[in-house]
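A short worksheet on the structure shown next.
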Amino acid sequence: MPPGEPRPDGEHGAPLFELPPELAIDTDVARRVTVDFIRNQLRQAGFTKGLLGLSGGIDSALVAYLAAEAVGPENLLCVMMPYRTSSPESEDHARLVVDRLGCRSDLVDISPIVDGYFGHDGQAGSGGEGALEAGSLRRGNFMARARMCTLYDRSVVWGGLVVGTGNKTESLIGYTTLFGDSACAFNPIGDLYKSQVRQVAVAVGVPEEIIRKAPSADLWPGQTDELEGGFTYPQLDRMLFWMIDKRRSDEELLAMGFAEAAVARVKRLVAVSEFKRQVPPVAKLGPRTTGVDYLYPRRRPGSAKR
């Protein structure tokens, strides 16, 4: 979608989503760059196959479409990992993507993993009585990490790299679980705001019902990103675009019509989540420290062929 083009309409003429004009991108370019990125990242690491967690949401659906285009559906494994309270619609939408792409898929129920730690129906699990009383957020983070454990175990059998599915909006405000949904070998859509994810999803043919539905991590019944965060993605994306990409000052943002309280809140979210976006720091003691001044491409000369 070239810059300035109006938001796309669905089958019956109703807009699929709200698109702030400054977030419009050339979807042909974004698609080509991202597909090449996936192909090159796998090749550099010596792999031909990838796998991802397919939730039934737009982010993972888009990455599945792009990965299938990059390496072929026969080289893509999509893993569905519901919990017992997950929405049946999520699994339905995930299966819709798998059927349309013709890729391999697995279904892993993570309920025994999660309930084995937190407990269930009043019976404590291995986490003890304190875990039995855990709230939704704590349980949700555990679910995200259980899913990533499952993916990395499946990656050994599949012989592929775990492909990330997180977008730029979530990364910037820290709406992600460290070593959970943020863990991956590489992240194809990590520089696309949610509004841009939606545009590319339309361009590659992600099913309309997935594009239209309210974004949700599906961590507890009725949970949606926007209700939990108290924002709409178009509003948040606009602010982040001008704040981060265009480096506008607080005064300039206020002059553009953004509310002072909203600017302060988003700036704080970005600041306090910085640790999630960086690799763990290393105390430098020797002359060459990994990740600091001992840096090589993923596939360095002399590495064994796969």
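Let me make sure I get this right: for region 21-277, a, b and c are the square roots of the gyration tensor eigenvalues over alpha carbons, sorted descending. Under 1.5 in a/c it's rounded, otherwise prolate if a/b > b/c, else oblate. Which is it?
Here region 21-277 falls in the oblate category.
Which FRET efficiency value, to the nearest 0.05, do you get for residue 44 and residue 276 by plugging their Cβ-Cβ distance into 1/(1 + (r/R0)^6) with R0 = 30 Å?
So the FRET efficiency works out to roughly 0.75.
What dipole magnitude, in Debye to the nearest 20, does region 78-201 give about its Cα centre under +1 on Lys/Arg Cβ and -1 on Asp/Glu Cβ?
420
Taking neighbour counts of Cβ atoms within 10 Å as a proxy for exposure, in what order, fewest first, do 145, 247 appear?
Ascending number of Cβ neighbours within 10 Å: 247, 145.
Report the one residue of 42, 203, 296 whose Cα lies farthest in the direction of the positive end of the charge dipole of the chain (charges on C-beta: Lys and Arg +1, Asp and Glu -1; origin at the Cα centre).
Looking along the dipole axis, the top candidate is 296.
Where nothing but the Cβ of Lys and Arg (+1) and of Asp and Glu (-1) is charged, how large is the charge dipole of region 1-158 around its Cα centre, in debye to the nearest 20?
That gives a dipole near 620 debye.
From the residues 130, 152, 96, which one has its Cα farthest along the dipole of the chain in the positive direction, the dipole being from +1 and -1 charges on Cβ of Lys/Arg and Asp/Glu about the Cα centre?
Final value for the positive-end residue is 152.
Determine the dipole magnitude for the chain: charges of +1 sit on the beta-carbon of Lys and Arg, -1 on that of Asp and Glu, nothing else is charged, the reference point is the Cα centre, and the result goes in debye to the nearest 20.
1580
Projected onto the charge dipole of region 21-277 (+1 at Lys/Arg Cβ, -1 at Asp/Glu Cβ, origin at the Cα centre), which of 187, 21, 117 gives the Cα projection farthest towards the positive end?
187
Laboratory data are not the source of any read-out in this text; all were calculated from the coordinates shown. Remember, predicted model here, so these are calculated numbers, not experimental data. Note that each Cβ is placed from the backbone with ideal geometry, even for glycine, and that neighbours are counted across all protein chains shown.
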